[in-house]
Amino acid sequence: MGDGGPRGDGPRPAADLTVSSPTPPGVGYTGQVKPEHKTSSLNRLKTVRGHLDAVIRMVEEEQYCPDIMKQVSALEGSLEGVNRVLLQNHIETCVLEHVEAGRSEQVVDELMETLRYTPTKGTR
Ligand SMILES: [Cu+2]
């Protein structure tokens, strides 16, 4: 999927919530996302939303600090999982597209930036 940066003429997502982009100007994305990755991302994010509400309640109820911390850590892991899915989608779609179009140099630069947002832990 695209990263919200300046793009070409391709379709854009309805809402562009990203604030910055490492994408070099003119690289251009089509905003494509594979259905299985979209489903996986949405399911994971909605699970996080429900989990986050539960953790908020834990804080409101002044539950035991380490118990809350454990849940926050689990949330972080879940969000990392979302980024892993998004990275896989990006590589399978945008990156391949740019390489095939002869824009290897730009896409490598962008990919190096993108890796800053990806999980450092193992697969989950
Ligand atoms: Cu992408």
Check whether at least one residue in the stretch 61-72 is surrounded by 13 or more Cβ atoms within 10 Å (Cβ to Cβ), more than 16 Å from the ligand (Cβ to nearest atom), at pLDDT below 90 and not in a helix (DSSP H, G or I), and report yes or no. no
If you check GLY5, GLY31, which single one turns out to be at pLDDT 50 or above, within 20 Å of LEU115 (Cα to Cα), within 11 Å of the ligand (Cβ to nearest atom) and out of contact with any helix residue (DSSP H, G or I) (no Cβ under 6 Å at 6 or more places or on another chain)? GLY31
LEU79 being in a helix (DSSP H, G or I), at pLDDT 95 or above and surrounded by 13 or more Cβ atoms within 10 Å (Cβ to Cβ): yes
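So if I check each of GLU92, GLU105, which one is in contact (Cβ under 8 Å) with a residue 40 or more places away in the chain, part of a helix (DSSP H, G or I) and of a type outside the set (S, T, N, Q)?
On the way: GLU105 fails: in contact (Cβ under 8 Å) with a residue 40 or more places away in the chain.
None of the other options fit; the residue is GLU92.
With ARG116, ARG84 as the choices, which residue is charged (D, E, K, R) and surrounded by 15 or more Cβ atoms within 10 Å (Cβ to Cβ)?
Numbers: ARG116 fails: surrounded by 15 or more Cβ atoms within 10 Å (Cβ to Cβ).
After applying the criteria, what remains is ARG84.
The values are calculated or read from the model by the stated rules, or taken from the named source; none is laboratory data. As the structure is a computational prediction, the values presented were derived from the model and not from experiment. Note that we place each Cβ from the backbone using ideal geometry, even for glycine, and neighbour counts take in every protein chain shown.
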